[in-house]
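Below is one structure, written out as structure tokens; comments come after it.
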Amino acid sequence: MDRVRRVLFVNPGRDLGGAEHSLLLLLGGLPALGVEPAVAVFGDGPFQAALSRLRVPTVVLDVPVKLRRASRYALPTHLAGTLAMTAYAAPSALRLAAVARRTGADLLHSNGLKAHALAGLAGRVLGRPVVWHLRDFPPGGLVGRLFRATAHRLPALVLANSDAVAAAIRSPARDGAPVIALHNPVDLDLFRPGPVAGPVRAELGLGADTPLVGMIAHLTPWKGHEDFLTIARAVSDAVPGVRFVVVGGPIYETEGHAGYAESLRHRASELGLAERVFFLGVRDDVPEVLAALDVLVHCPAAPEPFGRALAEAMAAARPVVAANCGGIPEFVRDGEDGYLVAPRDIAGFAKAIVRLLSDRELRHRFGVAGRSRAAALFSPQAHAERVVAAYRCV
């Protein structure tokens, strides 16, 4: 389309995860580019409150609880179940089509697996183009195969948050909808360099010289929290005074997230880390948490589509130690602004963390390089401009 004026975004999350934070930054940049956004959400909550603060018009879409709670952890495994879920979603897709018609949307832009399905169906009903914004790898099994097939036909354009995700969805025959990789944006004013100090260390009763290592990720098993605790045990043996923080919670109402926090606390106790690991839950002061850290660790047990916490840590000039998988090596440069370690390599992670904790100058050098890298790659304004330019492909 030569000119897109009104865009209806569709987002299933009611809470504030990485996808929602990225979307909020995009929404904030669109009006200056002549695009009027509105957002259809699946229920009220922190995400809708953040939209209100941005003064972005929102509509709460009537979506059945069963559909809201469906997740990639409990997907249908046979054709009949998949068809039943599609039929179950059809009324919500029709309601979404009515919202898009009422708001005069030129285009629908979906953000999340369930949103892609509803927007794709609604777009067909209306005859409006649909953009799928992929921030995760496609699911496995039958649903994954069907998802890839529809991704080549249902949307007019697919945006992906990394080259790794784009490669996972592209058609080998190079037919179907174009796929464009765009890294997520980061608020470079909010996440900025500062001294290792601040209110979080005071809250935890830690001095400025206490080594502090953190992990920031929502609580779901594939993010690798159990590996982080095992790594913490190994680092503690080498650096007796070190402490650790785990930030994040089971923010989604979907299946597969309940009970994980308590199991992690139990595991920390088993490893003798109960007095060393602070579980801080969901925080709205992540910049202050990063300011308190000496090192941020990201050790997912499965390929990471992007790794927002890493990008934010780099913007805040904090060195990172991360798994060399998925989209992470597209922006973390091993030995320049962090260390990349093979996934599940506990000894490798511990060695890299200990090296950084023992060398203040190395941490500073990595931090400066990370900030420069983040400023070059994650500008919200540049991201919004690229998205609007991509709309011309539809």
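The values are calculated or read from the model by the stated rules, or taken from the named source; none is laboratory data. These figures come from a predicted structure and were not determined experimentally. Note: ideal-geometry Cβ built from the backbone for every residue, glycine included; neighbour counts use all protein chains shown.
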Inset, instruction - Report yes if some residue within the stretch 61-70 is more than 25 Å from Pro138 (Cβ to Cβ), modelled with pLDDT of 60 or more, under 23 Å from the mean Cα position of the chain (by Cα) and surrounded by 13 or more Cβ atoms within 10 Å (Cβ to Cβ); otherwise report no. - result: no
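Taking the options Phe366, Phe279, name whichever one is in contact with a helix residue (DSSP H, G or I) (Cβ under 9 Å, 6 or more places away or on another chain), closer than 21 Å to Ala232 by Cβ and assigned to a helix (DSSP H, G or I). Spell out how you get there, then give the answer.
Numbers: Phe279 fails: assigned to a helix (DSSP H, G or I).
Residue meeting the stated conditions: Phe366.
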Inset, instruction - Being free of Cβ contacts under 8 Å to residues at least 24 places away in the same chain and either of a type in the set (S, T, N, Q) or assigned to a helix (DSSP H, G or I) (or both) is the filter here, so list the residues in the stretch 336-363 that pass it. - result: Gly348, Lys351, Arg355, Arg360, Glu361
Legend entry - Residue list for the stretch 99-119, restricted to those being under 15 Å from Val59 (Cα atoms) and either part of a helix (DSSP H, G or I) or outside the structural domain of His152 (by TED's automatic domain parsing) (or both): Val99, Ala100, Arg101, Arg102, Thr103, Ala115, Leu118, Ala119
Inset, instruction - Kindly check whether there is at least one residue in the stretch 214-223 that is charged (D, E, K, R) and over 19 Å from Met314 (Cβ atoms). - result: no
Inset, instruction - Could you give me the residue pairs with C-beta distances under 9 Å whose first residue belongs to the stretch 289-300 and is assigned by TED's automatic domain parsing to the domain that holds Ile328 and modelled with pLDDT of 95 or more, whose second residue is of a type in the set (Asp, Glu) and in a helix (DSSP H, G or I) wherever it lies, and which are 6+ apart or on separate chains? - result: Leu290/Glu312; Ala292/Glu203; Leu296/Glu312; Cys299/Asp227; Pro300/Asp227
Inset, instruction - Kindly establish whether Phe191 is out of contact with any Pro (no Cβ under 6 Å at 6 or more places or on another chain) and hydrophobic (A, V, I, L, M, F, W, C). - result: no
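Would you pick out the residues in the stretch 4-15 that are assigned to a loop (DSSP other than H, G, I, E, B) and at pLDDT 85 or above?
Step one: filter the stretch 4-15 for residues assigned to a loop (DSSP other than H, G, I, E, B), giving 4-5, 12-15.
Result: Val4, Arg5.
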